[in-house]
């Protein structure tokens, strides 16, 4: 080792390297620094591990918390605006923030450090559109069903609850005691 520094008739007798104690001050400084920063690092690691941004077909949910759990949800039909932003570094590493604006008094909900924020935003908008279409379809079906049952109940009421008057042959209600057309009195049954 290091023979290029030796003269032609020289031979290495012993090689020494600096003691590890030379690093002791640096080791102590590193341990102290890590000791100070490690709880902060652990907190952010746990915070990331316990934060969830969930998009369903009916709502958007933000759940987070290490010791105490907190969740905030926004129904898709209550979201007024969706936007995303990316910094230069965010564009380089493909992350950013997605902001949801609702009519809530609590203000906008911001999802931070979302991977592929433009795609997440687009998916929220797509789910909002699908939700609106499904809502309109279900309302239309409910109205059609209500109208159909109303029409069928009117038909059964008018047909089954009627009887003919033997005098004038007009249709009167089954419960009628006197014909409203000819004043015929029905016999009590």
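Highest GNM mean-square fluctuation among 117, 75, 166, for the chain modelled with Cα contacts below 10 Å: 166.
Relative to the longest principal axis of the Cα atoms of the chain, helix 117-160 runs at roughly 10 degrees. The three principal axes of the C-alpha atoms in region 53-147 carry coordinate ranges of 57, 32, 21 Å, sorted with the longest axis first. In the elastic network of the chain, a GNM with C-alpha springs shorter than 10 Å, the most mobile of 132, 121, 163 is 163.
Computed on the chain, with alpha-carbon pairs under 8 angstrom and 6+ residues apart, the relative contact order is 10 percent. In the list (i) 1, 7, 13, 15, 15, 11, 9, 7, 6, 5, 4, 3, 2, 1, 1, 0; (ii) 1, 6, 8, 8, 8, 7, 5, 5, 5, 5, 5, 5, 5, 5, 5, 4, 3, 2, 2, 1, 1, 1, 1, 1, 1, 1, 1, 1, 0, 0; (iii) 1, 7, 15, 19, 18, 13, 10, 7, 5, 3, 1, 0, 0, 0, the label attached to P(r) over Cα pairs in 5 Å bins from 0, in percent as derived from the coordinates here is (ii). Mean-square fluctuations from a GNM of the chain, with a 10 angstrom spring cutoff on Cα atoms, peak among 102, 51, 33 at 33. Annotation for residue 8 and residue 91: the two label points, set 7 Å from Cα along the Cα-Cβ direction, are 6.4 nm apart.
The C-alpha atoms of the chain define a longest principal axis, and helix 24-49 lies at about 10 degrees to it. Full extension of the chain segment joining residue 26 with residue 181 gains 44.5 nm, where the gain is 0.36 nm per residue of separation less the Cα-Cα distance. Can you give the FRET efficiency for residue 174 and residue 147, using 1/(1 + (r/R0)^6), R0 = 22 Å, r = Cβ-Cβ distance, to the nearest 0.05? Computed FRET efficiency for residue 174 and residue 147: 0.30. Extending 7 Å from the Cα toward the beta-carbon at both residue 167 and residue 56 defines two label points whose distance is 6.7 nm.
Just so you know, all these numbers are worked out from the coordinates, no wet-lab data involved. Since this is a predicted model, take the numbers as computed values, not measurements. In this analysis, Cβ positions are derived from the backbone assuming ideal geometry, glycine residues included, and neighbour counts consider all displayed protein chains.
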